[in-house]
Amino acid sequence: MAIYTLKEIESYAHKCRRCPLHKTRTKLVFGAGNPKADILFVGEAPGFYEDKSGQVFVGKSGQLLDKMLASIDLKREDIYIANIIKCRPPDNRSPTEEESTSCIEFLRWQVKIIQPKIIVCLGAVAAKNIISPDFRVSRQRGVWISRGSYSIIASYHPSALLRDESKKTEAWEDLKKIRQKLDE
Ligand code: URA
């Protein structure tokens, strides 16, 4: 049993002043979905629309993510989704190591409370912070990694697929593996 609830961790996150991003963000984006989900998707950080609304993955990447989920018969209600970083970095710049290190504490709590069987790292920031700092998505995606009770896999971030459609074939291979694992 986890000591805290997601609501409690979210309220701690709202008070967080550990890095400067709280000063420039509009709304904190904690994450959303089914708190009892078997599968957790982890992105990078809120973008423009997420920062305005406080909702996770609602911009163009979010729309593509919904299509990716639908392709393996998943809806937002079936999953939980969160980011490594809860406050938008100005101009969508990549988060610094310090920002990631201080913010990942909230994701650790989310994992502890949700207890997913599967964790999907969307893109390099999630994969480097969750799997290994030298992780290369283009070379190491699509391979299951066991960590304790968690099965972890990395795939392309939807924004990478929007920039380069040729990556969609590999992303589809990864999605099929995720569906298969969920069905095991
Ligand atoms: N990109 C992310 O990584 N997360 C979001 O919530 C939106 C865009």
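The values are calculated or read from the model by the stated rules, or taken from the named source; none is laboratory data. What you see is a predicted model, and the numbers here were worked out from it, not measured in a lab. Glycine gets a Cβ as well: all are built from the backbone with ideal geometry, and neighbour counts include every protein chain shown.
See the values below:
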quantity: Helices (runs of 4 or more DSSP H) fully within region 119-184 counting 3 or more residues that are within 16 Å of the ligand (Cβ to nearest atom); calculated: 124-130, 158-163
quantity: Every residue from region 53-63 that is more than 10 Å from the ligand (Cβ to nearest atom) and either in contact with a helix residue (DSSP H, G or I) (Cβ under 6 Å, 6 or more places away or on another chain) or not in a helix (DSSP H, G or I) (or both); calculated: 54
quantity: Residue check for residue 170: more than 21 Å from residue 31 (Cα to Cα), modelled with pLDDT of 95 or more and among the acidic types (Asp, Glu); calculated: yes
quantity: Test set (1) over 21 Å from residue 46 (Cα atoms); (2) surrounded by 19 or more Cβ atoms within 10 Å (Cβ to Cβ); (3) free of Cβ contacts under 8 Å to residues at least 40 places away in the same chain; (4) of a type outside the set (Asp, Glu) - residue 139 fails condition number; calculated: (2)
quantity: Residues of region 11-52 classified as hydrophobic (A, V, I, L, M, F, W, C) and in a loop (DSSP other than H, G, I, E, B), total; calculated: 7
quantity: Qualifying residue in region 21-31 (condition: of a type in the set (Gly, Ala, Ser) and within 14 Å of the ligand (Cβ to nearest atom)); calculated: yes
quantity: Any pair with Cβ under 6 angstrom, 6 or more apart, that starts in region 33-52 at a residue that is farther than 20 Å from residue 102 by Cα and ends at one that is more than 9 Å from the ligand (Cβ to nearest atom) and among the basic types (Lys, Arg); calculated: 33/76; 38/117
quantity: Flag for residue 82 being surrounded by 14 or more Cβ atoms within 10 Å (Cβ to Cβ) and not in a helix (DSSP H, G or I); calculated: yes
quantity: Test: residue in region 90-104 that is of a type outside the set (A, V, I, L, M), farther than 26 Å from residue 3 by Cβ and under 11 Å from the mean Cα position of the chain (by Cα); calculated: no
quantity: Residue within region 70-79 that is more than 16 Å from residue 30 (Cβ to Cβ), free of Cβ contacts under 8 Å to residues at least 12 places away in the same chain and of a type in the set (S, T, N, Q) present; calculated: no
quantity: Filter pass, residue 102 being away from the ligand (no atom under 12 Å from the Cβ), assigned to a helix (DSSP H, G or I) and in contact with a Cys (Cβ under 6 Å, 6 or more places away or on another chain); calculated: yes
